[in-house]
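The values are calculated or read from the model by the stated rules, or taken from the named source; none is laboratory data. As the structure is a computational prediction, the values presented were derived from the model and not from experiment. Glycine gets a Cβ as well: all are built from the backbone with ideal geometry, and neighbour counts include every protein chain shown.
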């Protein structure tokens, strides 16, 4: 274990001890505030200086406001001086993390948090939304409970990070890719022909048959014969060099076709590795370097992929899958099919490992 990791491990243990002591406080608001302050102090130690930690209300330029926020991390450098002097209201553009903190998480608290974060997103919030709980009333999977309560779980969940002390840490991951990096022009054209019913090879074969048909040739004018020869040459050239050309299908340039891979990734373990994973994720996303790797130096659990969903650039979804124990196949290994018409286009993804099995 690195010295840095060992020090933060001790700080997390201290945070948990403080939580146990605070259980004796009767007033729920006071107890919640103390727990939030303890967590804020710990988070502050992994955040670069340009970021500040506060609580308050988030507001957009139209005056729309979020619910009161337990903890938020904001970028102090992008704020003009007059805003820094009064941070009861924080501009939504400055917010980098939005936290809700619970002493004990239950179904009601989860639904309330979902509603709060949906409000945050509705006023323009795009930063990670974190639900942290010191304990829970649930023995089963916290991620499964979230899935059952959020219809946007796979693609655009209200909560993007859920961390339960001594139990589990999950985060929503999304990565965008270019389809051309996975499928060459010629491979795409083959899928396009299958989807559209067009048969370019058949056209070429018919042209060649015409060139060997004396009766058909005798009925052609000299210019028609020249056009036929030119057509065969052009199609052959296009087929031979298709991977070097820019394709446009129904007004969409193929080299600009993108897709997104949405995943829920996490660990489930009864140790400080849960909180260390949370702090590591915050640090890695806000720091120029990869400082978070120092925090997880002693980590023994490899993260699992618990949910996956593929989304094409037109918003069509495929390969949605979830397993409470983690998916037991390579979620990056996919094959493609393509559907298109004058009205719409769609890339359909298929899990290759499941098909092979």
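Taking the conditions exactly as written (surrounded by fewer than 21 Cβ atoms within 10 Å (Cβ to Cβ) and touching a residue at least 60 places away in the same chain (Cβ under 8 Å)), does residue 318 satisfy them or not?
It is false that residue 318 is surrounded by fewer than 21 Cβ atoms within 10 Å (Cβ to Cβ) and touching a residue at least 60 places away in the same chain (Cβ under 8 Å).
Evaluate the following for residue 50: is it under 27 Å from residue 11 (Cβ atoms) and within 23 Å of the chain's Cα centre (by Cα)?
Working: under 27 Å from residue 11 (Cβ atoms): yes; within 23 Å of the chain's Cα centre (by Cα): no.
No, not satisfied.
Can you name the residue in region 286-307 that is under 25 Å from residue 150 (Cα atoms) and in contact (Cβ under 8 Å) with a residue 60 or more places away in the chain and, of all such residues, is surrounded by the most Cβ atoms within 10 Å (Cβ to Cβ)?
Taking the candidates together, the pick is 307.
Filter region 315-347 for residues that are under 16 Å from residue 155 (Cα atoms) and assigned to a strand (DSSP E or B) and give the result.
Scanning region 315-347 gives 317, 318, 319, 320, 321, 322.
With the checklist (1) buried (at least 18 other Cβ atoms within 10 Å of the Cβ); (2) more than 16 Å from residue 70 (Cα to Cα); (3) modelled with pLDDT under 95 in hand, flag the one item residue 187 doesn't pass.
Going through the list (1) buried (at least 18 other Cβ atoms within 10 Å of the Cβ); (2) more than 16 Å from residue 70 (Cα to Cα); (3) modelled with pLDDT under 95, residue 187 breaks only (1).
Among (1) more than 22 Å from residue 280 (Cβ to Cβ); (2) at pLDDT below 95, where does residue 152 come up short?
(2)
Residue check: is residue 116 farther than 30 Å from residue 312 by Cβ, part of a strand (DSSP E or B) and either touching a helix residue (DSSP H, G or I) at 6+ places or on another chain (Cβ under 6 Å) or modelled with pLDDT of 95 or more (or both)? I'd like the intermediate steps shown before the answer.
Values: farther than 30 Å from residue 312 by Cβ: yes; part of a strand (DSSP E or B): no; either touching a helix residue (DSSP H, G or I) at 6+ places or on another chain (Cβ under 6 Å) or modelled with pLDDT of 95 or more (or both): yes.
So residue 116 does not fit the description; no.
The rows are residues; the columns are (1) closer than 23 Å to residue 122 by Cα; (2) in contact with a helix residue (DSSP H, G or I) (Cβ under 7 Å, 6 or more places away or on another chain); (3) surrounded by fewer than 16 Cβ atoms within 10 Å (Cβ to Cβ); (4) modelled with pLDDT under 90.
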{"position": "35", "(1), (2), (3), (4)": "no, yes, no, yes"}
{"position": "41", "(1), (2), (3), (4)": "no, no, yes, no"}
{"position": "62", "(1), (2), (3), (4)": "yes, no, yes, no"}
{"position": "79", "(1), (2), (3), (4)": "yes, yes, no, yes"}
{"position": "101", "(1), (2), (3), (4)": "yes, yes, no, no"}
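I'd like the residue in region 119-147 that is part of a helix (DSSP H, G or I) and touching a helix residue (DSSP H, G or I) at 6+ places or on another chain (Cβ under 9 Å) and, out of all such residues, is farthest from residue 13 (Cα to Cα).
Out of the qualifying residues, it is 120.
Please enumerate the residues belonging to region 35-62 that are without any contact (Cβ under 8 Å) to a residue 60 or more places away in the chain, touching a strand residue (DSSP E or B) at 6+ places or on another chain (Cβ under 6 Å) and not in a strand (DSSP E or B).
Hits for region 35-62 are 40, 44.
Kindly indicate the residue of region 276-314 that is in a loop (DSSP other than H, G, I, E, B) and under 19 Å from residue 168 (Cβ atoms) and also modelled with the highest pLDDT among those meeting that condition.
303
Filter region 148-173 down to the residues that are out of contact with any helix residue (DSSP H, G or I) (no Cβ under 7 Å at 6 or more places or on another chain) and more than 16 Å from residue 116 (Cβ to Cβ) and list them by number.
Result: 148, 151, 154, 155, 172, 173.
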